[in-house]
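Contents: one structure, followed by commentary.
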Amino acid sequence: MNTSAARSSSDEDGRFKLLDVALQQQGYRQDALIEVLHLAQKSFGYLDPSVLRYVAKKLKLPPSRVFGVATFYKLFTLKPKGRHTCVLCIGTACYVKGARELLAAVEQTANIHAGEVTADGAASLTTARCLGACGTAPVVVYDDAFRGQQSAKDVSKCWKDWLTHEPAAAS
């Protein structure tokens, strides 16, 4: 999809209008790229290639630079996430205290690997090199809620709940 196609579809999409407002508020400054990408991801759920090209065009940046920033920072994602998100820390402290077992438990329970989304879109699994809570290792972030001292049983229970409840009933 080219940028003009993204723009024509944006005429009907309020998310592009929010993005346009943010771009205008930032004065179309190239150094506002990270803030603009953050808002774009918040609005769209992830950074689709057409959105990246749109931002590049509006900020007068090469698309390769926008893509490079989007792929460099772990907080950005180029794929849709599940309705629920799970981030497993695999940093040194968490790894030593059992992160590998937690990852294996999630993979077995959900039948997905890190970086994937369940087939029904219920949940996505990602890993992080460090979440900065080493004193409570192993750490897992469930839908933006940090939980320390997690066990394989803890992560399996959460995932089973996510996978067996309707989206409206999930918490």
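Taking into account only those residues within the range 81-101 that are within 10 Å of the chain's Cα centre (by Cα) and in a loop (DSSP other than H, G, I, E, B), which is surrounded by the fewest Cβ atoms within 10 Å (Cβ to Cβ)?
Only one residue tops the list, namely 81.
Kindly indicate whether residue 161 is open to solvent by less than 70 Å² (accessible area, probe 1.4 Å) and without any contact (Cβ under 8 Å) to a residue 40 or more places away in the chain.
yes
Take the range 134-159 and flag every residue that is farther than 16 Å from residue 90 by Cβ, among the hydrophobic types (A, V, I, L, M, F, W, C) and modelled with pLDDT of 95 or more.
If the condition is that a residue be farther than 16 Å from residue 90 by Cβ, among the hydrophobic types (A, V, I, L, M, F, W, C) and modelled with pLDDT of 95 or more, then 158, 159 are the ones that fit.
Any idea how many residues of the range 43-80 are in a helix (DSSP H, G or I) and either at positive phi or open to solvent by 50 Å² or more (accessible area, probe 1.4 Å) (or both)?
Of the residues in the range 43-80, 10 are in a helix (DSSP H, G or I) and either at positive phi or open to solvent by 50 Å² or more (accessible area, probe 1.4 Å) (or both).
Hey, any hits in the range 105-126 for a residue that's farther than 24 Å from residue 45 by Cβ, outside any loop (DSSP other than H, G, I, E, B), open to solvent by less than 50 Å² (accessible area, probe 1.4 Å) and among the small types (Gly, Ala, Ser)?
Yes, the range 105-126 has at least one match.
Kindly establish whether residue 155 is closer than 30 Å to residue 34 by Cβ and not in a loop (DSSP other than H, G, I, E, B).
no
The conditions are (1) assigned to a strand (DSSP E or B); (2) surrounded by 17 or more Cβ atoms within 10 Å (Cβ to Cβ), and residue 146 fails exactly one of them. Which is it?
Result: residue 146 passes all but (2).
What single numbered condition from (1) in contact with a strand residue (DSSP E or B) (Cβ under 6 Å, 6 or more places away or on another chain); (2) of a type in the set (D, E, K, R); (3) touching a residue at least 12 places away in the same chain (Cβ under 8 Å) fails to hold for residue 83?
Status for residue 83: all satisfied but (1).
Kindly evaluate residue 101 against the criterion of being of a type in the set (Asp, Glu) and over 22 Å from residue 136 (Cα atoms).
Considered against the rule, which asks whether it is of a type in the set (Asp, Glu) and over 22 Å from residue 136 (Cα atoms), residue 101 comes out as no.
Checking the structure you have, find out if any residue of the range 24-35 is open to solvent by less than 50 Å² (accessible area, probe 1.4 Å), part of a helix (DSSP H, G or I) and within 27 Å of residue 154 (Cβ to Cβ).
Checked against the condition, which is being open to solvent by less than 50 Å² (accessible area, probe 1.4 Å), part of a helix (DSSP H, G or I) and within 27 Å of residue 154 (Cβ to Cβ), the range 24-35 yields no hits at all.
With (1) under 20 Å from residue 101 (Cα atoms); (2) modelled with pLDDT under 95; (3) open to solvent by less than 30 Å² (accessible area, probe 1.4 Å) as the list, and residue 131 as the residue in question, which single condition is left unmet?
Residue 131 satisfies every listed condition except (3).
What are the residues in the range 113-142 that are among the β-branched types (Val, Ile, Thr) and out of contact with any Leu (no Cβ under 6 Å at 6 or more places or on another chain), if any?
117, 118, 126, 136, 141
The values are calculated or read from the model by the stated rules, or taken from the named source; none is laboratory data. Fair warning: this is a prediction, and the values are worked out from it, not measured in the lab. Neighbour counts are summed over all protein chains in view; Cβ atoms, including those assigned to glycine, are modelled from backbone coordinates with ideal geometry. Note: areas computed on protein heavy atoms with side chains; ligands, DNA, RNA excluded. Shrake-Rupley method; radii C 1.70, N 1.55, O 1.52, S 1.80 Å.
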